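Worksheet: the structure to be examined is printed underneath.
The values are calculated or read from the model by the stated rules, or taken from the named source; none is laboratory data. Treat the numbers as computed from the prediction; the structure is a model and nothing was measured. Cβ atoms come from the backbone with ideal geometry, glycine included; neighbour counts cover every protein chain shown. Ligands, DNA and RNA are excluded from the accessible area calculation, which covers all protein heavy atoms including side chains. Shrake-Rupley method; radii C 1.70, N 1.55, O 1.52, S 1.80 Å.
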Amino acid sequence: MKKHIVVLAGDGIGPEITDAAVEALQKVAALYGHEFEFEHCLMGLCAIKETGEPLPEETVKKCLASDSVLLGAVGGAVNDPFVASLPGNKRPEAGLLAIRKAMNLYSNIRPAKLWSALSSASPLRKDISEKGIDLVIVRELTGGIYFGERGNGTDPEYGYYAWDKEQYSVKEITRIAKIACEMAQGRRKKVTSIDKANVLDSSRLWRKIVHEVAKDYPDVTVEDMLVDNAAQQLVKDPSQFDVIVTSNIFGDILSDEAAMVTGSIGMLASSSLGDTKCGLYEPIHGSAPDIAGKDLANPIATVLAGAMMLRDSFGLFEEAKALESAVEKVLDMGYRTADIYSEGMKKVSGSEMRKLIVENIA
Ligand code: NAD
């Protein structure tokens, strides 16, 4: 198989971690007889410094013409005076929102998995974490309250006010529900749809449409859960979840909660997809300017983003498994970068971790 992959390394640790993922993908290509061609483009602070724009037009064109995009992370240090001086729409993170929009990526898929070798990293009680965590959150990404109308006014009794509108259409719910059901078919065949249907009309429509879509997937069980209950269940018994589908705002909050219960930010990847197989794959963490250039960055989340690309965009299941198995093997051998290190383990640098993963891809 021949694939053209655009790499947006971005800022901070971005180049270190994307280089690691590219090397791992090249090893997979060589072992399984594929040809992956990588093209680097600018986005984020590096793009602003070179072109004045967080997302140059050239990058958009290249991404749209690619088979998929691998992203490191964008953004400078929180107190960087240059970044602070930029207007909101010219900041590095504006590039990320703009590329998602340009590629029409309306779903965000975030697996949260507790690796058995890292079970002690979970902040949950041992009897809960021992049951395992292996879930995927499918979050609607381009609708709802984050993209709805907003405004402000003055009320005679309460004074100045501001408002934001939550709105979902049948089309938006249908397409995200389909993605969730298809994802569940390749997993444990269970979808939990999360809403606030006891209060919100938009949630009542959400619930109705999800169940209509589910009729086309008789092998998948669909259950509903209110978002307040879901927040509790994610810490009480996360093992009950397989695929979660939810709106933009609920997904934003619950996906961070799910990441937290696995205990290690440097281990989690995510993808954003639209109507085509061309997706955007990235680690969930940021550009970590505090450790950039110090060879401390854990490349695992980005390598796992590469595995998601192989599976979800290219349909290369065995190859994706080969990458994930290499990560599992290295962890089982006791190797840890500083962010996931615990006593008795073998501490390695980011580049040593990269070498170990690549050596163990078989
Ligand atoms: P961050 O995720 O970059 O870092 C949080 C902490 O986790 C830091 O201590 C960092 O050293 C550590 N960390 C993160 N990834 C790591 C890895 N792979 N290996 C080892 N340690 C790791 O979040 P932040 O510090 O809040 O943000 C830094 C910059 O990243 C900001 O400019 C922010 O806007 C940006 N950001 C970008 C994205 C993105 O590109 N998708 C996401 C989040 C934050």
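Can you give the extra length, in nm with one decimal, that the chain gains between Glu39 and Lys346 once fully stretched, where that is 0.36 nm per residue apart less the Cα-Cα distance?
Extra length available between Glu39 and Lys346 comes to 107.1 nm.
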The chain: most fluctuating residue of Leu304, Leu97, Leu331 per GNM, C-alpha cutoff 10 Å: Leu97
Which of Trp115, Trp163, Trp206 moves most in a GNM of the chain, Cα contacts under 10 Å? Trp163
Assigning unit charges at the beta carbon (Lys, Arg +1; Asp, Glu -1) and nothing else, what dipole magnitude in debye, to the nearest 20, does the stretch 82-153 show about its Cα centre? 140 debye
Between Val235, Val199, Val83, which gets the highest mean-square fluctuation from a Gaussian network model of the chain, Cα cutoff 10 Å? Val199
In deg cm²/dmol, rounded to the nearest 500, the helical mean residue ellipticity at 222 nm of the chain, built from -39500 (n - 2.57) for every DSSP H run of length 4 or more, is -12000 deg cm²/dmol
Cubic angstrom per residue, convex hull over Cα atoms of the stretch 253-321: 115 Å³
Averaging the inverse of every distinct alpha carbon separation and then flipping it gives the Kirkwood radius. What is it for the chain, in angstrom units? 21.3 Å
If you plug each phi of the stretch 46-53 into the Karplus form 6.51 cos²θ - 1.76 cosθ + 1.60 with θ = phi - 60°, what whole-Hz ³J(HN,Hα) values come out, in order, with x for Gly and Pro? 4, 5, 4, 5, 8, 10, x, 10
If each of Lys321 and Glu50 carries a label point 7 Å out from its Cα toward its Cβ, how far apart are those two points in nm? 3.9 nm
Looking at this model, which pairs from Lys2/Lys131; Lys113/Lys196; Lys113/Lys294; Lys62/Lys171 are more than 31 angstrom apart at the alpha-carbon? Lys2/Lys131
Of every hundred units of 1.4 Å-probe accessible area on the chain, the number belonging to carbon and sulfur atoms, as a percent, is 53 percent
So if I take the centroid of the Cα atoms in the stretch 265-282 and the same for the stretch 1-57, what is the distance between those two points in Å? 14 Å
For Leu141, which sequence-distant residues (separation of 5 or more, or a different chain) have an amide H within less than 5 Å of its own amide H, given hydrogens modelled in the peptide plane? Ser107, Asn108
Per residue accessible area of the chain, 1.4 Å probe, in Å²: 45 Å²
Could you compute the FRET efficiency for Ser169 and Lys190, with r as their C-beta to C-beta distance and R0 at 25 Å, rounded to 0.05? 0.45
Cross-link reach from Lys277 to aspartates and glutamates, straight Cα distance under 19 Å and at least 8 residues apart if same chain, gives Glu35, Glu37, Glu39, Asp67, Glu140, Glu172, Glu182, Asp312, Glu318, Glu319
Contact order relative to length for the stretch 123-262, counting C-alpha pairs under 8 Å separated by 6 or more residues, stands in percent at 37 percent
Heavy-atom SASA rank of Asp224, Asp312 (probe 1.4 Å, accessible area, largest first): Asp224, Asp312
Go through the stretch 302-313 residue by residue and turn each phi into a ³J(HN,Hα) via Karplus (6.51, -1.76, 1.60, θ = phi - 60°); whole Hz please, and just put x for glycine and proline. 6, 4, 5, 5, x, 5, 4, 4, 4, 6, 7, 9
With all distinct Cα pairs included, what does the Kirkwood hydrodynamic radius of the stretch 232-362 come out to in Å, to one decimal, could you say? 16.1 Å
Treating only the Cα positions of the stretch 123-262 as identical point scatterers, give the base-10 log of I(q)/I(0) from the Debye formula at each q in 0.09, 0.14 Å⁻¹. -0.31, -0.67
What's the center-to-center distance, using Cα atoms, between the stretch 143-164 and the stretch 76-120 in Å? 26 Å
The chain: antiparallel DSSP beta bridges as a percent of all, rounded to 5: 40 percent
A student applying the Cα gyration tensor rule (rounded when a/c is under 1.5; otherwise prolate if a/b is larger than b/c, oblate if not) would label the stretch 1-128 oblate
Hey, quick one: spin label on Lys131, modelled 7 Å out along Cα-Cβ, who in the stretch 233-248 has an amide N within reach, i.e. under 14 Å? 233-242
Farthest positive-ward along the chain dipole, Cα basis, beta-carbon charges - from Gly72, Gly14, Val235: Val235
With charges set only on the Cβ (+1 for Lys and Arg, -1 for Asp and Glu), what does the dipole of the chain come to about its Cα centre, in debye to the nearest 20? 520 debye
